[in-house]
Amino acid sequence: MVLKIPFKLKIGILLAIVISASVGGYVVYHDTAYAPKLAEGAGPWNLYISMPSLYPVLVTRAYGVSEAGDWTSPTIGGSQSFSLSSLKHVRKNFPEYDGYGLPISRTVNTTLTQMSGKQSIPDSIYLYWVSLANQRFFVTQFNITPEIVAKMQQVHRWGERDCSLNHFVFGLLPNGRAKVWLTGCRVPEYIGEIPPQMEARADSSGFGKAHYKKLYFQDIQERAEALGVNLFPVPWEKLERIYTYQKDGKGALRKARKLKQQQQAGK
């Protein structure tokens, strides 16, 4: 005998299945359906790490999180960050580099590449990193506002091609603070400066101060001796200088200071 189910009952069963599948999160459409997309034609977002040559850093873990899309996208890379931050290497791109400022260039900065290659914009980015000169351990959380999303979704013209601001640059300083830019076109766009979310006693794998002092401090000290300077106390005003292809950073520095003044005035 074949059991016949009334049409209205069939509709009710179907609706119940759809509702139950979506309760408690994006069970069915959980990947990127609700996360904002990058500009049309843009590649996946990645992270670039800028650091002063005299105060290099090491990122031990970095990832983006989308609450709306229900995903976490880890990154890989960064093993050559110490060599990329050397005076010799940075000066190939910026001959006037003084060892203190933050250079911004893909050939100089450490690249952290998404493993999953997502083209949706995360809600937040997390960095776990070590300031090697003073062996301090920080966690940075950068929240991506709707205003930043709008900037990343715009298409610009660069020469004969289109471009968009689909990458993040973090300039990491020895007190745990981070300057943030969007990049992807010729001139990076400064977003602002943020404090660390927290300071830890060890890195994300449990290695502490003694480990990093043994591995890196002598080489960092030699960088300072080559310039005839002392690492400490830190001359914070010198770390404010930004090196880009925009007349070696003067324009970017003025823009950064102006934005910082506006933010302080708005408090």
For this session: Identify the single condition in (1) surrounded by 22 or more Cβ atoms within 10 Å (Cβ to Cβ); (2) farther than 30 Å from residue 209 by Cβ; (3) β-branched (Val, Ile, Thr) that residue 107 does not satisfy, given that it satisfies every other one.
Result: (1)
Seminar exercise, completed: The lone condition residue 192 fails out of (1) on the phi < 0 side of the Ramachandran plot; (2) in a strand (DSSP E or B) is (1)
Exercise. Restricting attention to region 200-231, which residues are surrounded by 13 or more Cβ atoms within 10 Å (Cβ to Cβ), within 14 Å of residue 135 (Cα to Cα) and among the basic types (Lys, Arg)?
Worked result: 209, 213
Seminar exercise, completed: Per the filter on region 204-216, residues over 18 Å from the mean Cα position of the chain (by Cα) and at negative phi are 205, 207, 208, 209, 210, 211, 212, 213, 214, 215, 216
Problem set entry | Qualifying position, being over 20 Å from residue 105 (Cα atoms), modelled with pLDDT under 95 and surrounded by fewer than 19 Cβ atoms within 10 Å (Cβ to Cβ), among 234, 155 | 155
Problem set entry | Leading residue by the ranking (farthest from residue 130 (Cα to Cα)) among those in region 66-79 that are buried (at least 18 other Cβ atoms within 10 Å of the Cβ) and not small (Gly, Ala, Ser) | 71
Problem set entry | When residues of region 175-199 are limited to those that are of a type outside the set (Gly, Ala, Ser) and touching a Pro at 6+ places or on another chain (Cβ under 8 Å), the one surrounded by the fewest Cβ atoms within 10 Å (Cβ to Cβ) | 177
Exercise. Looking at (1) touching a residue at least 24 places away in the same chain (Cβ under 8 Å); (2) in contact with a Lys or Arg (Cβ under 7 Å, 6 or more places away or on another chain); (3) over 17 Å from residue 82 (Cβ atoms), which is the one condition that is false for residue 171?
Worked result: (3)
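The values are calculated or read from the model by the stated rules, or taken from the named source; none is laboratory data. The structure presented is a predicted model; accordingly, all values stated were derived computationally and were not measured. Quick reminder, even Gly has a Cβ in these numbers, built from the backbone with ideal geometry, and neighbours come from all protein chains shown.
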